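A short reminder: the numbers here are calculations on the coordinates, not readings from a lab. The structure presented is a predicted model; accordingly, all values stated were derived computationally and were not measured.
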């Protein structure tokens with residue numbers, strides 16, 4: 001595909017397949033956030049079982065709680081932004097490109113699906129030079 005064909009194809013700003021995949025990914029991240037929230041006690045007990053021989057287990061447990069809360073918040077934010085980006089990409093709205101880029105960047109830390117989808121989205125939506 002030449003760059004002119006790509007520019008003509010993406011001039012409308014509509015990417016229905018990519019939008020549908022982002023909606024599915026967003027829903028998956030929201031389900032993951034709910035799962036993380038529901039199993040907080042189990043994760044805390046499992047991590048706490050590892051701390052029986054360290055000098056200051058309370059500080060490490062506090063750090064664990066902060067990181068675990070960060071993981072839940074990141075999952076919720078990625079889910080919401082992914083759904084919004086998917087709807088915008090399917091509709092071809094003005095904010096489709098910017099929401100897609102934000103969603104692509106945020107999903108890069110989620111292996112393997114988020115990384116793959118994020119890289120593909122960044123490649124597809126970042127500006128390219130045409131000659």
Point to revise | Calculated Rg and Dmax of segment 16-125 using C-alpha coordinates, Å | key: 17.0, 56
Check your understanding: Nearest 10 degrees, 0 to 90: what angle lies between the long axis of helix 40-49 and the longest principal axis of the chain (Cα atoms)?
Key -> 50
Practice item. May I ask you to derive the relative contact order of segment 16-125, considering only C-alpha pairs under 8 Å and at least 6 residues apart, and to give it as an integer percent? Key: 34
Review point. Angle between the Cα long axis of helix 16-38 and the longest principal axis of the chain, 0 to 90 degrees, nearest 10?
Key: 10
Point to revise | Helix-only CD estimate at 222 nm, as mean residue ellipticity for the chain, using -39500 (n - 2.57) per DSSP H run (n ≥ 4) | key: -25000 deg cm²/dmol
